[in-house]
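For reference, the structure is listed below as structure tokens.
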Amino acid sequence: MIRKYRIGTPIETDSVVEKIKLSSGMVPGWEFDEKKKTLSMRMDADAAVYGLGVQVRGINKRGWHYVSFCADEPHHEEGKTSLYGANNFFVYVPSDKGDQRRFGMYVDTPGRVEFDIGFYNKDMFQVIFDEADAYTYLIEEEDDPDNNGASGILSIVRQFRRIIGRSYIAPRWAFGFGQSRWSYMNEDEVREVADAYDRTGIPLDSIYLDIDYMERYKDFTVSEENFPDFPAFVSEMKNRGLHLVPIIDAGVKIEKGYDVYEEGIAGDHFVKDGKGSPFTAAVWPGRVHFPDFLKEDTRRWFGEKYRRLMDAGIDGFWNDMNEPAIFYSEEHLAEVFEKLDTYKDKNLDIHSFFELQGLIGGLCNREEDYRSFYHEYKGERLRHDRVHNLYGFNMTRAAGEAFERIAPDSRPLLFSRASYIGMHRYAGIWTGDNMSWWSHLLLSIQQLPGLNMCGFLFAGSDIGGFGGDVTEELMIRWVSFGIFTPLFRNHSAMGTRRQELFRFNDTETMRRLVELRYALIPYLYSEYVRAAEQDEMLFRPLSFEYENDPRAAGVEDELFVGRSIMIAPVYTQNARGRYVYLPEEMKLVRFRSFSDYDEEWLSAGDHFLKAEPGEVPVFIRKGCELRLAEPVMRTSELPEYDELDKYVFRG
Ligand code: MIG
């Protein structure tokens, strides 16, 4: 049962595709304070709150506040309130003691909105708007005849997923292992990576091209110096069964003679400053203009540009910097330079010194800059901050819509950093610039359920961590978890320790783990496609499956993956295992490789689970089965799930 309510004059976002009749009045159960622009509700002492897409601090979101305002935020620490996505759907689950009922809520507003979930006042849930213009959808449990036994929370999620449209389905090769680095600079570096993987026998399906493949960071160009015959190189890789996946950034370099820039100006495709000229900011290439992806013909124009790379044989892309990230705006930079001059001969004391530091540190992603340019959206001129959260969504939609025209029968890979609900119909996401920290391995486990709830099924984090130096043990544990995530990509930042798997001492363990991934792909991919088609979640916390088990509600580090299995990754240093809670009896299979394992039945309750680095425990649910393939070097050599009969594990 879904009801839709209106607050103020909402901006249409295209996130909901089903027509739902507007109900009159305010969302029942919530109070709206017009002056404070706040919706609020008292929370039951034991209530849990799930959802909100990609955010910090665990699966149950209660106890912190979250701001939906897509942010280029490379520090995913627990004090942060915004990461790259703005995904305003949550499920509220009260205890059975009070008189409240479970429900889901989607707050559809493209501007900034804060979800204070017991942060300021531990018993209050507050939705605080910048502009109180929104649709809210209230989703209650209903008897769903074809819910396949889904329990209350899952049926709420499923109803929501139905109204936002079917999730993007990535090609199967995208489940293969991907190796990325910022950046492989030229053909030879890419070849060396491919050769080293083949030499060590570690399966691989794709190699990513980060910004340096371009000519001076200009979108849709390829450096002729470093990739002299790009189409030939793409097909050389293709002949080896490898896909190259280039990055595309949101900003278009301002450069006379660069056709994307020239066409953008001629076609009036860029966002405007207050005076009506194209807004100038800086990102990688230096000064750029931002395409106004909110305009349909700009999406069409920009989307067509992907064709160039596709004509060269490319069939996968990642869209970056589309919050959009801004290093500085030209206007503000000039102000800062002027101000800096006044410090020159000053005796800098504590105040002026910090002020000076703030001037420089505050150049990036500045609030005021986001309020200084304009879009043309559905026939209206709107200031950017009011529609900020739609930017990355619509950049990615431009690509997705273009793929439907350019390659209607094939399924290119596409994922994005920024997101809004609605984008899940066109692409997946990756979780951005994490660190090579154990805590971020845990974070990457905990981010998945919230993403799945919002329709993002094709998702994953940078394996091994993006920033900082990874250790071999962390990499082994991270890969041991990553083999279950749809996007399974090792990526790291410039200047950090090289972390391709063949660079570690124990490449044997790395190979076994990636082989296990390939053995799992038929299961994972068929469960993934099914989840997309049936509006289900691929990754489910225990509390979603065992709603009446109070112990399950507290489990933040175990997940069901598809219908048959549950995982309990190890995410601490020097561990030889971990504690695990089983809501019911399950079969444990402890894999050292796809063909080397031991099995045992474990009863419901708590257990210490032994798992040395390199051992991957998988729990098979009672009455379910898991079939593995024999590993191969490329996904193209894998059979379908139904064809497997050799390695069958039964719970
Ligand atoms: O400001 O393209 O999240 O994956 O390697 C950094 C360089 C820009 C951020 C992405 C990261 C990518 C990096 N990009």
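The values are calculated or read from the model by the stated rules, or taken from the named source; none is laboratory data. Please read all numbers here as calculations on a predicted model, not as lab measurements. Every residue, glycine as well, gets a Cβ built from its backbone with ideal geometry; the counts of neighbours run over all protein chains shown.
Residue by residue, here is whether (1) closer than 30 Å to residue 634 by Cβ; (2) within 16 Å of the ligand (Cβ to nearest atom); (3) buried (at least 22 other Cβ atoms within 10 Å of the Cβ) holds:
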residue	(1), (2), (3)
219	yes, yes, yes
229	yes, no, no
239	yes, no, no
242	yes, no, yes
255	no, no, no
Looking for something within 16 Å of the ligand (Cβ to nearest atom) and either farther than 16 Å from residue 374 by Cβ or buried (at least 22 other Cβ atoms within 10 Å of the Cβ) (or both) - is there at least one such residue anywhere in segment 351-362?
yes
Note on segment 487-528: residues more than 16 Å from the ligand (Cβ to nearest atom), of a type in the set (A, V, I, L, M, F, W, C) and either assigned to a loop (DSSP other than H, G, I, E, B) or touching a strand residue (DSSP E or B) at 6+ places or on another chain (Cβ under 9 Å) (or both) are 501, 504, 513, 516, 519, 520, 524
Exactly one of 429, 445, 483 is touching a residue at least 12 places away in the same chain (Cβ under 8 Å), closer than 17 Å to residue 56 by Cβ, more than 16 Å from the ligand (Cβ to nearest atom) and in contact with a helix residue (DSSP H, G or I) (Cβ under 8 Å, 6 or more places away or on another chain), and that residue is 445
Exactly one of 460, 468 is under 24 Å from residue 531 (Cβ atoms) and small (Gly, Ala, Ser), and that one is 460
Take residue 451 and decide whether it is over 25 Å from residue 614 (Cα atoms), away from the ligand (no atom under 15 Å from the Cβ) and buried (at least 22 other Cβ atoms within 10 Å of the Cβ). yes
- Task: Would you be able to say whether some residue in segment 576-593 is without any contact (Cβ under 8 Å) to a residue 24 or more places away in the chain and assigned to a loop (DSSP other than H, G, I, E, B)?
- Result: no
Pairs returned, first residue in segment 262-283 that is surrounded by 14 or more Cβ atoms within 10 Å (Cβ to Cβ), second residue that is among the basic types (Lys, Arg) and outside any loop (DSSP other than H, G, I, E, B), beta-carbon separation under 7 angstrom, 6 or more apart or interchain, are 278/272; 279/272; 280/287
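Take residue 542 and tell me if it is in contact with a Gly (Cβ under 7 Å, 6 or more places away or on another chain) and either modelled with pLDDT of 95 or more or more than 16 Å from residue 606 (Cβ to Cβ) (or both).
no
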Residues of segment 15-39 being surrounded by fewer than 18 Cβ atoms within 10 Å (Cβ to Cβ) and within 30 Å of residue 445 (Cα to Cα), in sequence order, are 17
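Say we look at segment 457-468 and pick out the residues that are within 16 Å of the ligand (Cβ to nearest atom) and under 14 Å from residue 429 (Cβ atoms); which of these is surrounded by the fewest Cβ atoms within 10 Å (Cβ to Cβ)?
460
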Considering residues that are surrounded by fewer than 23 Cβ atoms within 10 Å (Cβ to Cβ) and either modelled with pLDDT under 95 or closer than 19 Å to residue 225 by Cα (or both), the number found within segment 185-211 is 9
- Task: Could you tell me whether segment 85-102 includes any residue that is more than 16 Å from the ligand (Cβ to nearest atom), among the polar types (S, T, N, Q), part of a strand (DSSP E or B) and within 29 Å of residue 547 (Cα to Cα)?
- Result: no
- Message: Against the definition (away from the ligand (no atom under 16 Å from the Cβ) and either among the hydroxyl-bearing types (Ser, Thr, Tyr) or without any contact (Cβ under 8 Å) to a residue 24 or more places away in the chain (or both)), how does residue 471 come out, yes or no?
- Response: yes
Considering residues that are aliphatic (A, V, I, L, M) and closer than 30 Å to residue 164 by Cα, the number found within segment 445-499 is 9
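To keep it simple, each residue is scored yes or no on (1) away from the ligand (no atom under 16 Å from the Cβ); (2) in contact with a Gly (Cβ under 7 Å, 6 or more places away or on another chain); (3) touching a residue at least 40 places away in the same chain (Cβ under 8 Å).
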site: 47; (1), (2), (3): yes, no, yes
site: 54; (1), (2), (3): no, yes, yes
site: 80; (1), (2), (3): no, no, no
site: 123; (1), (2), (3): yes, no, yes
site: 129; (1), (2), (3): yes, no, yes
site: 138; (1), (2), (3): yes, no, yes
site: 142; (1), (2), (3): yes, no, yes
Considering segment 202-233, residues that are within 27 Å of the chain's Cα centre (by Cα) and hydrophobic (A, V, I, L, M, F, W, C), and then whichever is farthest from residue 301 (Cα to Cα), we arrive at 202
